[in-house]
Amino acid sequence: MNFLEERIIRYGVIKEGNILKVDNFLNHQIDIDVIRQMAYEFQRRFKGKTVTKILTIEASGIAIATLVGLLFNVPVVFAKKSATANCTDDRYVSEAYSFTHKRMNKVLVSKPYINAGEKVLIVDDFLADGEAAHALIDIVHQAGADVVGIGIAIEKGQQQGGRKLREEGYHLESIAIIESMDWKTQTITFRKQEKEAIENANIKASWV
């Protein structure tokens, strides 16, 4: 069991309807040590990839993406879910259905922030049906850029997003993959991952 799975078991709360709340360390209160370890693990898993930009979506993916951007030494862009007064009209737009909030969201990125030919690593906190990931992929393609990988903190493996993305040929890495969870018993089963990742993830990371 890796560091993120351990934290989910300790602090995660399962709600009826296949909802996992991790507010204690990821979605409301942020545990910096967990985010730091995730950033190092993504750096390891995407080692050798040319990355010129990190792309995520507001809000919970921003903390993870920021530390990943620090390690890759590249800018971080976060897609907005609604237009704001200071948001330029010159933007890429896609749509994603939110599994958590049960609504369709527009996903917006101002055009100057993703350029043709860039190598984009997509990072996010959750992957369920893959709606947000596909919206970000669509934006990258609209810009004429390339998706070099997708890094996810928690993947709901019992849903179809991960399978679809892998079948489409994307390099998808999820630190914790949930095979099943039961809100009545508050039990979670994780998919086994390759040994090296689990051992490396359990090493406490520190900035140098």
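The values are calculated or read from the model by the stated rules, or taken from the named source; none is laboratory data. Please read all numbers here as calculations on a predicted model, not as lab measurements. Cβ atoms come from the backbone with ideal geometry, glycine included; neighbour counts cover every protein chain shown. Side chains are part of the model used for accessible areas, which takes the heavy atoms of the whole protein and leaves out ligands, DNA and RNA. Shrake-Rupley method; radii C 1.70, N 1.55, O 1.52, S 1.80 Å.
For the stretch 6-28, give me each residue that is in a strand (DSSP E or B) and either touching a Pro at 6+ places or on another chain (Cβ under 9 Å) or without any contact (Cβ under 8 Å) to a residue 24 or more places away in the chain (or both). Quick ask: steps written out before the conclusion?
Taking the stretch 6-28 and keeping what is in a strand (DSSP E or B), we get 13-15, 19-21.
Result: Lys21, single match.
Which residue pairs have Cβ atoms under 8 Å apart, sit 6 or more places apart or on different chains, and have a first residue in the stretch 179-195 that is of a type in the set (Ser, Thr, Tyr) and a second that is part of a loop (DSSP other than H, G, I, E, B)?
Within 8 Å, the pairs are Ser180/Gln158.
Matching residues to (1) out of contact with any Asp or Glu (no Cβ under 8 Å at 6 or more places or on another chain); (2) charged (D, E, K, R); (3) at pLDDT 95 or above:
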{"site": "Glu95", "(1), (2), (3)": "yes, yes, no"}
{"site": "Asp125", "(1), (2), (3)": "yes, yes, yes"}
{"site": "Ala133", "(1), (2), (3)": "no, no, yes"}
{"site": "Val140", "(1), (2), (3)": "no, no, yes"}
{"site": "Gln160", "(1), (2), (3)": "no, no, no"}
{"site": "Asp182", "(1), (2), (3)": "yes, yes, no"}
{"site": "Gln193", "(1), (2), (3)": "yes, no, no"}
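Which of the residues spanning the stretch 23-46 are in contact with an Asp or Glu (Cβ under 8 Å, 6 or more places away or on another chain) and within 18 Å of Glu58 (Cβ to Cβ)?
The answer is Leu26, Asn27, Gln29.
Would you tally the residues in the stretch 29-75 being open to solvent by less than 10 Å² (accessible area, probe 1.4 Å), more than 21 Å from Ile177 (Cβ to Cβ) and in contact (Cβ under 8 Å) with a residue 24 or more places away in the chain?
2
Out of the residues in the stretch 173-195 that are polar (S, T, N, Q) and assigned to a strand (DSSP E or B), state the one that is surrounded by the fewest Cβ atoms within 10 Å (Cβ to Cβ). Even if it seems obvious, please write down each step before you answer.
Our first condition is that a residue be polar (S, T, N, Q); within the stretch 173-195, this holds for 174, 180, 185-187, 189, 193.
Next cut, assigned to a strand (DSSP E or B) only: 174, 180, 187, 189.
Details: Ser174: 24, Ser180: 13, Thr187: 11, Thr189: 13.
Within the stretch 173-195, the match that is surrounded by the fewest Cβ atoms within 10 Å (Cβ to Cβ) is Thr187.
Given (1) over 17 Å from the mean Cα position of the chain (by Cα); (2) basic (Lys, Arg); (3) open to solvent by less than 20 Å² (accessible area, probe 1.4 Å), where does Arg91 come up short, assuming only one miss?
Of the numbered conditions (1) over 17 Å from the mean Cα position of the chain (by Cα); (2) basic (Lys, Arg); (3) open to solvent by less than 20 Å² (accessible area, probe 1.4 Å), the odd one out for Arg91 is (3).
Tell me, please, whether a residue that is open to solvent by 60 Å² or more (accessible area, probe 1.4 Å) and β-branched (Val, Ile, Thr) can be found in the stretch 126-144.
No.
Here is a check on your reading of the model: is Ala83 at pLDDT below 95, aliphatic (A, V, I, L, M) and either surrounded by fewer than 19 Cβ atoms within 10 Å (Cβ to Cβ) or under 18 Å from the mean Cα position of the chain (by Cα) (or both)?
On the way: at pLDDT below 95: yes; aliphatic (A, V, I, L, M): yes; either surrounded by fewer than 19 Cβ atoms within 10 Å (Cβ to Cβ) or under 18 Å from the mean Cα position of the chain (by Cα) (or both): yes.
Yes.
What is the residue count in the stretch 58-70 for residues that are touching a helix residue (DSSP H, G or I) at 6+ places or on another chain (Cβ under 7 Å) and closer than 16 Å to Glu155 by Cα?
The number of residues fulfilling the criteria is 2.
How do the pairs read when you match residues in the stretch 144-170 that are among the aromatic types (Phe, Trp, Tyr) with residues anywhere that are assigned to a strand (DSSP E or B), using Cβ under 8 Å and keeping only pairs 6 or more apart or on different chains?
What qualifies is Tyr170/Val147; Tyr170/Gly149; Tyr170/Ile150.
Give me a count of the residues in the stretch 147-172 that are among the acidic types (Asp, Glu), over 22 Å from Lys81 (Cα atoms) and part of a strand (DSSP E or B).
0
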